[in-house]
2 protein chains.
Amino acid sequence: MDIANIMARNTDHWSRAAAIRMLAMDGVAAANSGHTGMPMGMADVATVLFSKHLKFDASHPDWADRDRFVLSAGHGSMLLYALLYLTGYEDMTLEQVRDFRQLGAITAGHPEYGHAKGVETTTGPLGQGLGSAVGMAIAEESLRARFGSKIVDHRTWTFAGDGCLMEGVSQEVIALAGHLRLGHLTVFWDNNDITIDGKVSIADSTDQVKRFEASGWHVQSCDGHDPDAIDAAIEAAKSDPRPSMIACKTHIALGSSAQDTAKGHGALTDAKLISDTREVYGWEHAPFDIPSQIKCWWEEVGQRGNQARRDWEERVEALGTGKRKLFDRVMRSETPGKLASTLRALKKQISESQPKVATRKSSEMVLEVINPIMPEMLGGSADLTGSNNTLTPDLGVFSAENRKGRYIHYGIREHGMAAAMNGLAVHGGVRPYGGTFMCFADYARGAMRLSALMGAPAIYVMTHDSIGLGEDGPTHQPVEHLAMLRATPNLQVFRPADTVETIEAWELALTATDRPSVLALSRQGLPAMRLEHKSKNLSAQGAYVLREADGKRQAVLMATGSEVSIAVTARDILQAEGIGTRVVSMPCWELFEAQDEAYRRRVLPAGAVRVGIEAASRFGWDRWLLGERGREAKAGFVGMEGFGASAPAEELYAHFGITAEAVAEKVKALL
Amino acid sequence: MDIANIMARNTDHWSRAAAIRMLAMDGVAAANSGHTGMPMGMADVATVLFSKHLKFDASHPDWADRDRFVLSAGHGSMLLYALLYLTGYEDMTLEQVRDFRQLGAITAGHPEYGHAKGVETTTGPLGQGLGSAVGMAIAEESLRARFGSKIVDHRTWTFAGDGCLMEGVSQEVIALAGHLRLGHLTVFWDNNDITIDGKVSIADSTDQVKRFEASGWHVQSCDGHDPDAIDAAIEAAKSDPRPSMIACKTHIALGSSAQDTAKGHGALTDAKLISDTREVYGWEHAPFDIPSQIKCWWEEVGQRGNQARRDWEERVEALGTGKRKLFDRVMRSETPGKLASTLRALKKQISESQPKVATRKSSEMVLEVINPIMPEMLGGSADLTGSNNTLTPDLGVFSAENRKGRYIHYGIREHGMAAAMNGLAVHGGVRPYGGTFMCFADYARGAMRLSALMGAPAIYVMTHDSIGLGEDGPTHQPVEHLAMLRATPNLQVFRPADTVETIEAWELALTATDRPSVLALSRQGLPAMRLEHKSKNLSAQGAYVLREADGKRQAVLMATGSEVSIAVTARDILQAEGIGTRVVSMPCWELFEAQDEAYRRRVLPAGAVRVGIEAASRFGWDRWLLGERGREAKAGFVGMEGFGASAPAEELYAHFGITAEAVAEKVKALL
């Protein structure tokens, strides 16, 4: 289909879609960077989707039952900003569009969650949007099952490019979505044959239609510039119970001299190219100038869902009080009032019974009391349920047949799990947690970083958090992972020492609604460290004095997780020799860093010898050993210097010298 | 097919395969951990493959033209150890098999490259073996094209489980292998319907046959317990020009009471279960006792390739001297003699011309002189060729049509690229490097950790290494990635400051044959810092004095990469105010840590104020700021405290306060 034909056949449609194309072109040209070609290629699909199908109300971007639109090919961000501006989102002013990619503007280079309304999730790292969309579609099914289709009945729509589909994470979530029959999910594949390096064919020969079909999807192909064909495909997608993929044959940078080329993928900034394209489009308006007739039409599109939204509000109003309050609470990501008392009761009981259990087991004990009072909890594991201890009896399994189930068998798909959890978290109404071995944070890392960047409160249950996992060996033993996670901004990393600290960590993870949390949990059994019940959440300060020195304080031992008990035993040895030794448990560095100087000084005063103990890399520990009034000559570390090994856990601790005796010796050498 | 039928139909085959099964059962039982079910399920396929098809000589495990066997489902490690023991690999003694998963044994929990001969690559993290295998198959094609099929003509065989196929990385490498038509690659899918959490069907409904076909593979299905069917499928795979996938229908934990169950996946240690299974097998021998007739048969299998190996050695001997020497050199991963002088000449020229270029461009300048003299260089990029500057004109593109090409368009597949690079590196004969944006180390992380664990000398060219990439924004701006990479054991992380340091980094990366390297390179242009030619590789010491203080040394500025020039400008400001300031460039922390105390003290003496400058997280920097004779009260850091933002690079540096002025102020505040 040539462009003249496209224009002639649908003149009204053409000018409306052209408004998107021109804004994208103008925005990128003004920024002198960005990606023009994708918005130009997908403008027709976007116009049909937004004007005829997408359920939204631009005046109420946070309407809970709105459809979600995810631009997985996030580099085409101007497409989304143009749509938000045209349809009348209040915050998306023309000035913001003009300031595309400038400091302080909400129009970031890639769509950033929390910047502009209507940006449902952060995209850019390819494939992540697709994963988020799958999570959103799961959230919708789950909420619909719980609250009924009068309250929850919306769809998730995604634009994905070749890059999204080449990334491995796409396969994980495509397979998951097909398996779960997420019929309210539709993916539009921007099938333009072009990537940055050239034609797709230089790197890929995948039959994407067949690939999606292999995962149980409903698949169609259409001309991505023919509005009628697009509309028909969307209608068919809506009436099929499977997730749908619509392969939209498009021309990247349509109508420009860079059309169908790798150049067209990037920033088209050449003045002549732009003016030539204006001419081809028959667009006689100044940059950023959208004729009022077109703008009005788009604003009507933005208000199309207004009545539906009002009707929905009435239906919510008509819900029984209990159900309405519950709906409001979960949509606000608020924890229930009784969470605190429930956890306090468990803490008290545990402080008395003092069980020696692995913290992964402790975590299960916590979930057993949380899940029944938080119906929004949506758990899961990447095929390590029995090891991560993530499934409690009340949950039931979420499946194509049982939408009320609250546990997801994610399969051996850590990255897909994390990406879907992002979608679950930003969708709202559900609180996702997912388990895997901590070493496989490596696989999930791309999505975990996005959790942190978005402030999406996903909870990562990462068990087998050190050489303590034993015989599986170095491929499965985290060493540098705590450093990797702690170095990530806006991520809370908890490494609880026993069951009480695990309860506290869960409480902090659940009440943090603006950032994700990692719970690093042991495989091996750990003795109780907190022997006296305190209703206060001591872990909330990040680090605290677990055992005070008897007599003059000569040493401070700092440890986390499974090494706290080693520190306490080392203290016993040292105290027996008359060396006053304090033990500081540090379950969450980020929270300790956030404490005021006075508190930090109380916990880590100057003067004493300091030894850090963690079955992991020292990397990052110098902050506490040498900083915070520490001194190099009086500081030491007992931990890992390289990769682990394959042997029973106790032997590994001895082999790598992570023992109470070694700690005591280290202290004495430093005194 | 029931087990009695299997046994009756092929009695000889049965007892040979049973030897594998029994060793796996005995090894896991002795270790009281591991995975019995997979070896029991795949023993028939392994027996046919090793006895009839695999080209190898157990007495010469390092024979360059041997077939490669990769156990991607690495948890079934006992399958491999059993095969190596049975076929007579010298180092795989019965004692080693008995010591499965014990400290110091070569029989680690998962197969570890470098421990036992015959373990071609480390596996365990699922999907990685598949990626390695794809890399090996590429290496073979490349070497065959260069040295001829008389010297190089072998195959790569892989066992993959459901977990391997669910991991996203599998899709990346399956698509790549299909696109490249790697006809010497065969994947056996252990199609047993079972994962840890239960039946595969609880998490996956993928039609794997269709999925592989969608990627251009030759696909067959067969009964994985029928030796004739397996043999026929292998024959067909060998004669097809496409990569082959053989879906082998198997029973996990065949013949035990745990057959076809999730329990059968793990460690079968129950004494009754084991004795019952012995009975079912008709196996009357003691644990670890293999009847000599069976052992002899297997040892003959191990020697089957002996003559072929001798013939091959003669053919190598008959090569022209030049070609033979080249073959020997590249297989030993030795750099050519003239590398040093070539790089020295470039360094001299650059020290004189002092170009202001981005270090990604510097890297291209280095590759332009390296690639022509190192035909073993096999470059590539994950669809960012023009940004990573990884393609030099001499390379040509490796494709299905052009096996002599030395550049791989990996597609938008960072993880697959890294996993394949591991296979390229451990195969030998080629030196892989691959480019992407540094932020997408996140995606590649699973495979990069394996490079480090294996000591595989892959070279990661990671450009756009900070907020200096500008408008693409925080999704693309690394902040914590240097910390993540530096925390990883056995990984060299270079962040060169200018072209001369980039030359030095490449030299160090290429001459390190026992560990991978990362080159963190700037997007933005950087002024030359090294203005005087030194033939010595100063970066080899990890850190060195770039600018000495004039007058009394009051401050030491430490910086890497793009921030070194900021440090030098800050020094100018400080010196103008009479504050003697040294600038230390730290291109590689790992190498500096490895220097002796005396050298480190010379570079970082006590006393002066220290300020670290890096457009990244401070995480890890305290080692140098507070340690190494530093003091908290006299140390500061100028860098990033959170995620970046979307704006032009210079504005971001100003916005985040990473400027020479800020550094000078920080120094003065600390004096």
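What follows draws every value from the coordinates through simple rules; no lab data is involved. Quick caveat, the model's predicted, so the values are computed rather than measured. Please note: Cβ atoms are built from the backbone with ideal geometry, for glycine as well, and neighbour counts cover all protein chains shown.
Rounded to the nearest 10 degrees, the angle from helix A:660-670 to the longest Cα principal axis of chain A is 80 degrees.
Under the simplified labelling scheme, the B:T321-B:E593 pair shows an inter-label distance of 4.6 nm, with each label point 7 Å from Cα along Cα→Cβ.
Across peptide A:440-448, the average count of Cβ atoms from other chains found within 10 Å of a residue's Cβ is 6.
Residue by residue, the stretch A:544-561 carries 3J(HN,Hα) couplings of 7, 6, 8, 9, 7, 6, 8, x, 4, 6, 9, 9, 10, 9, 10, 8, 10, x Hz when phi is fed to the Karplus relation 6.51 cos²θ - 1.76 cosθ + 1.60 (θ = phi - 60°); x denotes Gly or Pro. Pairs of Lys residues in the stretch A:3-308 are counted when their Cα atoms are under 21 angstrom apart and they lie 8 or more places apart or on different chains; the count is 19. Looking at the protein assembly as shown, the DSSP beta bridges with both ends there are about 10 percent antiparallel. Beta bridges from DSSP with both residues in chain A: antiparallel share about 10 percent, rounded to the nearest 5. Highest mean packing comes first when the peptides B:367-374, A:479-486 are listed by Cβ atoms within 10 Å, giving A:479-486, B:367-374. Antiparallel beta bridges, as assigned by DSSP with both residues in the stretch A:543-603, represent about 35 percent of the total such bridges. Across all Cα pairs in the stretch B:137-192, the calculated P(r) in 10 Å bins from zero up to the longest distance comes to 22, 46, 24, 8, 0 percent per bin.
For the stretch A:473-572, averaging the sequence separation of C-alpha pairs within contact (under 8 Å, six or more residues apart) and dividing by the residue count gives a relative contact order of 30 percent. What you get for the stretch A:487-569, charging only the Cβ of Lys and Arg (+1) and of Asp and Glu (-1), is a dipole of about 140 debye around the Cα centre. Packing-based ranking of B:93-103, B:74-84 yields B:74-84, B:93-103, ordered from highest to lowest mean Cβ neighbour count within 10 Å.
Annotation for A:R9 and A:N306: the two label points, set 7 Å from Cα along the Cα-Cβ direction, are 3.4 nm apart. To the nearest ten degrees, helix B:292-303 and the longest principal axis of the Cα atoms of chain B are 50 degrees apart.
Per-residue shielding of A:376-386, expressed as the average number of other chain Cβ atoms within 10 Å of the residue Cβ, stands at 3. Which angle between 0 and 90 degrees, to the nearest 10, do you get for helix B:339-353 versus the longest principal axis of chain B when only C-alpha atoms count? Around 30 degrees separate the two axes. Remark: relative contact order (the stretch B:339-520) = 23 percent; criterion is Cα-Cα distance under 8 angstrom and separation of 6 or more residues. Extending 7 Å from Cα along the Cβ direction at A:D2 and again at B:R553 yields two label points whose distance is 7.3 nm. The helix-only estimate of mean residue ellipticity at 222 nm for chain A, built from DSSP H runs of length n ≥ 4 each weighted as -39500 (n - 2.57), is -12500 deg cm²/dmol after division by the residue total.
The aspartates and glutamates within cross-link reach of A:K534, meaning a Cα-to-Cα straight distance under 12 Å and a gap of 8 or more places when in the same chain, are A:E352, A:E501, A:E504. Temperature 20 °C, viscosity 1.002 mPa s: under these conditions the Stokes-Einstein estimate for the stretch B:540-670, based on its Kirkwood radius over C-alpha pairs, is 147 µm² per second.
Computed from the Cβ-Cβ distance with R0 of 35 Å, the FRET efficiency linking B:K404 to A:T261 stands at 0.80. The overall shape of the stretch A:339-521 is rounded: from the C-alpha gyration tensor, with semi-axes ordered a ≥ b ≥ c, the ratio a/c is less than 1.5. In square nanometres, what is the average projected area of the Cα convex hull of chain B? Dividing the Cα hull surface by four gives the mean projection, 30.2 nm².
Normalised by the number of residues in chain A, the mean separation of alpha-carbon contacts (under 8 Å, six or more apart) gives a relative contact order of 12 percent. Put simply, the Cα atoms of the protein assembly as shown extend 91, 76, 74 Å along their principal axes, the longest span coming first.
Basic side chains Lys and Arg get +1 at the Cβ, acidic Asp and Glu get -1 at the Cβ, and with that the dipole of chain B about its Cα centre reaches some 2120 debye.
Here's the picture: charge each Lys and Arg Cβ at +1 and each Asp and Glu Cβ at -1 in the stretch B:1-59, and of B:T36, B:M25, B:F50 the one pushed furthest to the positive end of that dipole is B:F50. Highest average first, the peptides B:447-458, A:591-602, A:237-248 ordered by how many other beta carbon atoms sit within 10 Å of their residues are B:447-458, A:237-248, A:591-602. Considering only B:A237, B:G264, B:T93, the residue lying farthest towards the positive end of the dipole of the stretch B:3-308 is B:A237, judged by Cα position with unit charges set on Cβ. Take each residue in A:206-216, count the other chain C-beta atoms within 10 Å of its C-beta, and the mean is 6.
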